[in-house]
Amino acid sequence: MTPDEFEEGKQWMCEDDCLPSINWVLDLAKAVVLRYGVCGLVIDPCNELDHQQPLNQTETNYYVSQILPKIKRFGQHYSCHVWLIAHPRQVTVASFTIGVVVHPICVTSVEVRIS
């Protein structure tokens, strides 16, 4: 990819000056899977997506009940691995314990344990 192609892609992504939704990402991924046979999709970072959660629903519940099932169905239907990347809010020395790392994730208040 040339620098000019990269800049053109950035302009295309920011054309509407809004964040992409999960539906937009999966629609483009569908086209790429069908056209080129891609078998892996990385969504990184997931907090850059437009979250259209209802006001009466927590962010965690929204992800568990709406976003993750969409991603799972996409992966199963198109035989495509999907990695949804969530970065920790902030890494602190106090958060490290022997063998287990606990970090709150940006998108939800759920803590992820990696051992």
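When 100, 91, 82 are checked against the criterion of being in contact with a Leu (Cβ under 7 Å, 6 or more places away or on another chain) and at pLDDT 55 or above, 82 stands alone in meeting it.
Remark: residue 8 matches the filter, which requires a residue to be at pLDDT 75 or above and at negative phi. So which pairs qualify, if the first residue must be in the range 19-37 and part of a helix (DSSP H, G or I), the second must be at pLDDT 95 or above and surrounded by fewer than 14 Cβ atoms within 10 Å (Cβ to Cβ), the Cβ gap must be under 7 Å, and the two must be at least 6 apart or on different chains? Note: no pairs meet the criteria.
Looking at the structure I just gave you, is residue 41 at pLDDT 75 or above and assigned to a helix (DSSP H, G or I)?
On the way: at pLDDT 75 or above: yes; assigned to a helix (DSSP H, G or I): no.
Here the answer is no, as residue 41 does not meet what is asked.
Can you tell me which residue is surrounded by the most Cβ atoms within 10 Å (Cβ to Cβ) among those in the range 43-54 that are over 13 Å from residue 87 (Cα atoms) and under 13 Å from the mean Cα position of the chain (by Cα)? Lay out the reasoning, then the answer.
Keep residues of the range 43-54 that are over 13 Å from residue 87 (Cα atoms), which gives 49-54.
The next check asks that each one be under 13 Å from the mean Cα position of the chain (by Cα); those that pass are 49-51.
On the way: 49: 18, 50: 12, 51: 16.
Residue satisfying both the conditions and the ranking: 49.
The values are calculated or read from the model by the stated rules, or taken from the named source; none is laboratory data. The model shown is predicted, which means the values in this text are computed figures rather than measured ones. Every residue, glycine as well, gets a Cβ built from its backbone with ideal geometry; the counts of neighbours run over all protein chains shown.
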